[in-house]
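Chemist: Take this structure, written in C-alpha cells, and hold onto it; I'll ask about it next.
Taken together, the values in this text are just the output of simple stated rules run on the coordinates, not laboratory data. Predicted model only: the values in this text are computed from it and were never measured. Because the Cβ atoms are built from the backbone with ideal geometry, glycine has one as well, and the counts that use them run over all protein chains shown.
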Amino acid sequence: MNIQDIKVCVLRIEGTNCEQESYQAFKRLGAQPEIVHLKQLLGQDVTDAEKRSLADYQILMIPGGFSSGDYVRAGAIWAARMKAGLKDDLKAFVNEGKAVLGVCNGFQVLVELGLLPGFDEIMSDIPKAVLTTNDSSRFECRPTLLKHENKGNCMFTSKIPKDEVLMCPSAHAEGKLIFPSAEVDIAYKKLAEKDMLVFSYVDPDGIYAGYPWNPNGSEKNVAGICNPQGNVFGMMPHPERVMDREMHPDWTRAFPTGLGDGRAIFESVLDEISKKF
C-alpha cells in the first residue's frame, strides 16, 4: 500500500483539542487523514452520508484534550462510549494488525479501554492500569526528554534508533502510570520481557531522573508503552507538536537544521502500515 492511500481516522468527541495538529501531522506526510466524530462511527445522530466505518481505515488516532471534561477519570467516559458501541470493531481492527495511536488523553483512553497494556488479551474487560494525578497535583506543561527504549517491537518507533533521546512537550494533569499494587513487579517484568516499554523520561544527560524531568512521577519513568503486538501505542507527551524544528525550544541554537523530533513517530507507523497492507 502506498502512503498516499493510507486512511487515518483522527477521532474526536466533545473536549478534544489536539485533533487538528494530529490531522496535519499525517496530512503533511502524504497520508489521507480524516477528523471523525465518535458519533459517526457509532451511527448516532448523523445522516447516512456522515456515517463512517472503522474498518475502512488503517490507522486510528485518539488525540489529546479533555474529553467529556475528564470527569470520573481522564479518558474514562470516552472509553466507555467506545467500548459500548465499538468493542468488536476495535478488537477486529487490532487483530488485523492495523495501528492505534493514543496521545495524552488518547493514552488515557487506551488504558481505560483495556487495549493497553494488553498483556494477555487484545482488550481486557476492565482496565489493568491507570493514568492518575501527577505527583505535583497540578497540570504540568513543559518540554520533556524521552529515551527510546524499544528494541523493535513497536511499529510507531521503527525509524528511531534505540536509546535516542527525543524532545516532546508534555501537557497533562493525570499522566502517572500505575498498576495494581499486588501486580506491580509482574507488570514491569512483562513490559520488559514483551518489549512493550517504548519511551522513558530522562534528563538532558539521558539519565533517569525525577521531577521536573519526569513531570508526573510515573514509576520507572514510563512515558509510553505499546501492546505485545506492537501495533497499539500510547504516550503522554505530544509528538504532533514537534513536527518541525521551529517547534522546539531554543530551536535557533539547538536545531539549526533538521526536522522536529515528533515527525519520526508518524513516519514510522506510515512506513510500517505501507509495508503490511
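Chemist: Percentage of Cα-Cα pair distances in the chain greater than 26 Å, rounded to whole percent?
Modeler: 36 percent
Chemist: Can you compute the modelled spin-label distance between residue 124 and residue 229, with each label point 7 Å from Cα toward Cβ, in nm?
Modeler: Distance between label points: 1.8 nm.
Chemist: Given labels modelled 7 Å from the Cα in the Cβ direction, how far is it in nm from residue 252 to residue 133?
Modeler: About 4.1 nm, to one decimal.
Chemist: Taking θ as phi - 60°, what are the ³J(HN,Hα) couplings along the range 167-174 by the Karplus curve (6.51, -1.76, 1.60), each to the nearest whole Hz, with x for Gly and Pro?
Modeler: 10, 9, x, 9, 7, 7, 10, 10
Chemist: How big is the convex hull of the Cα atoms of the range 49-90, per residue, in Å³?
Modeler: 94 Å³
Chemist: Still on this structure, please answer the following. Using only C-alpha positions, report the orientation-averaged shadow area of the convex hull of the range 2-88, nm², one decimal.
Modeler: Value for the range 2-88: 5.9 nm².
Chemist: Which of the pairs 128/220; 51/276; 27/151; 7/189; 151/190 have their Cα atoms more than 25 Å apart in this structure?
Modeler: Numbers: 128/220 17 Å; 51/276 27 Å; 27/151 28 Å; 7/189 35 Å; 151/190 14 Å.
With Cα atoms farther than 25 Å apart: 51/276; 27/151; 7/189.
Chemist: Which of the cysteines found in the chain have nothing to pair with, since no other Cys Cβ lies under 4.7 Å from theirs?
Modeler: By the Cβ distance rule, which asks for a partner under 4.7 Å, the isolated cysteines are 9, 18, 104, 141, 168.
Chemist: For residue 66, enumerate residues with amide H under 5 Å from its amide H, sequence gap 5+ or separate chain, H modeled in the peptide plane.
Modeler: 16, 17
Chemist: Just need the relative contact order of the chain here, percent rounded to a whole number, with Cα pairs under 8 Å and 6+ apart.
Modeler: Dividing the mean separation by the residue count of the chain yields 19 percent.
Chemist: Using θ = phi - 60° and the Karplus form 6.51 cos²θ - 1.76 cosθ + 1.60, what ³J(HN,Hα) does each residue of the range 46-58 get, whole Hz, x for Gly and Pro?
Modeler: These are the phi-based 3J(HN,Hα) values: 9, 6, 4, 5, 8, 5, 9, 10, 4, 5, 7, 10, 9 Hz.
Chemist: Scan around residue 140 for amide H atoms under 5 Å from its own, H built in the peptide plane at 1.01 Å from N, and keep only partners 5 or more places away or cross-chain.
Modeler: When sequence neighbours closer than 5 places are left aside, the close amide H contacts are 172, 173.
Chemist: For the range 60-153, state the semi-axes of the equivalent ellipsoid (square roots of 5 times the eigenvalues of the alpha-carbon gyration tensor), sorted largest first and rounded to whole angstrom.
Modeler: Ellipsoid half-lengths, sorted descending, are 23, 18, 12 Å.
Chemist: Next question, about the same structure. Determine, from the Cβ-Cβ distance of residue 3 and residue 47 and an R0 of 30 Å, the FRET efficiency 1/(1 + (r/R0)^6), rounded to the nearest 0.05.
Modeler: About 0.45, to the nearest 0.05.
Chemist: Let me ask something else. Measuring from label point to label point, each 7 Å out along Cα→Cβ, what is the residue 84 to residue 165 span in nm?
Modeler: Placing both labels 7 Å beyond Cα along the Cβ direction yields 4.6 nm.
Chemist: Relative to the present Cα-Cα distance, how much length would full extension add between residue 195 and residue 92 at 0.36 nm per residue of separation?
Modeler: Value of the extension gain: 34.8 nm.
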